[in-house]
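S.K.: Can you keep this structure in mind? I'll have questions shortly.
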Amino acid sequence: MKNVGEAPQEELATGERSTRNRVARSILDHGPSTVADLAGRLGLTQAAVRRHLDALAHENVVEPREQRVYGARTRGRPAKVFALTDCGRDAFDQSYDKLAADALRWITEHHGEGAVVEFARARIAAQAETYKKAIDAAPPEQRAEALAKALTTDGYAATARSAPVGEQLCQHHCPVAHVAEQFPQLCEAETEMFSTLLGTHVQRLATIAHGDGVCTTFIPRSGGSGSGGSTTTRTTTSASASTAGRNPA
């Protein structure tokens, strides 16, 4: 006789899969996460989180990494974090990657790399109009947060957080990551756009396209105002954007 309250096996399997998907989604939304982070966000025990992470790792959806530390390291070993693999990201709206990459490859072959740069800038300019409205409506100290919210609406799962002498804009998901891996001009155009909108030099520290768990952009504290940028800003942007598709050495 079945015990009272015992769920059928298929229901148990469905529940396990649902929780496992929540774990993967939480990593997508928040970036590489520790077991404690996930347990706190999802209301699960750490033992349950580890069980789901083991299953996701077996399915090649997540992988363990050493936690990145910006600035001075503290004593002891960095905490282990879990990040989505390329396979894991494939489950989240990246079904047209090959078509987009083929199109950009054709543009390169027939019109040169300059045409790809023009395309990347034109594409990001269309998105920038919405971002500009959000930034202009926010007080100066909340512009990075306003940009993060606008990016999240477009599927980038972005957050802004304080950092020494500035802020970090973190994009935990990139809908074009696989294409940007082959065409870093997409990352460079995005970095230029951030600089122009925020009216200050920004520096790309890491990108998902380069294999990092999150796209991270450093925004220094600046006295600059407005979202139109300046001659100085445009000059420094090109130097910063040159690292947009990779980690600085």
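The values are calculated or read from the model by the stated rules, or taken from the named source; none is laboratory data. Please read these numbers as outputs of a predicted model, since none were measured by experiment. Every residue, glycine as well, gets a Cβ built from its backbone with ideal geometry; the counts of neighbours run over all protein chains shown. What goes into the accessible areas is simple: the full protein's heavy atoms, side chains included, and nothing from ligands, DNA or RNA. Shrake-Rupley method; radii C 1.70, N 1.55, O 1.52, S 1.80 Å.
S.K.: Just tell me which aspartates and glutamates come within less than 18 Å, Cα to Cα, of K98; anything on the same chain fewer than 8 places away is out.
M.R.: Candidates past the 8-residue exclusion: D86, D90, E109, E181.
S.K.: Want the number for D102 to E118: 0.36 nm per residue separation, take away the alpha-carbon distance, what's left?
M.R.: Between D102 and E118, full extension yields 4.1 nm more.
S.K.: Further question on the same structure: If you stretched the chain out fully between Q67 and T34, how much longer would it get, using 0.36 nm times the residue separation minus the C-alpha to C-alpha distance?
M.R.: Working it through step by step, the gained length comes to 11.0 nm.
S.K.: Using 1/(1 + (r/R0)^6) with R0 = 41 angstrom and r between the beta carbons of N60 and H110, what's the FRET efficiency to the nearest 0.05?
M.R.: Step by step, r from the Cβ atoms, then E = 0.65.
S.K.: Given a Förster distance of 35 Å, report the FRET efficiency between S162 and R22 from their Cβ-Cβ distance, rounded to the nearest 0.05.
M.R.: That pair, S162 with R22, gives E of 0.80.
S.K.: Between R41 and C87, what is the FRET efficiency for a Förster distance of 30 Å, r being their Cβ-Cβ separation, to the nearest 0.05?
M.R.: 0.85
S.K.: Leaving out ligands and nucleic acids, note down the accessible area per residue over the stretch 118-228 with a 1.4 angstrom probe, in whole Å².
M.R.: That works out to 42 Å² per residue.
S.K.: At 0.36 nm per residue, minus the direct Cα-Cα distance, what do A137 and A79 gain on full extension? Give it in nm, one decimal, please.
M.R.: Roughly 17.1 nm would be gained on extension.
S.K.: Find how many whole Å separate the alpha carbon centroid of the stretch 124-144 from the alpha carbon centroid of the stretch 26-63.
M.R.: 33
S.K.: For A126, project a label point 7 Å along Cα to C-beta. Then give me every residue of the stretch 137-164 with its amide nitrogen under 12 Å of that point.
M.R.: none
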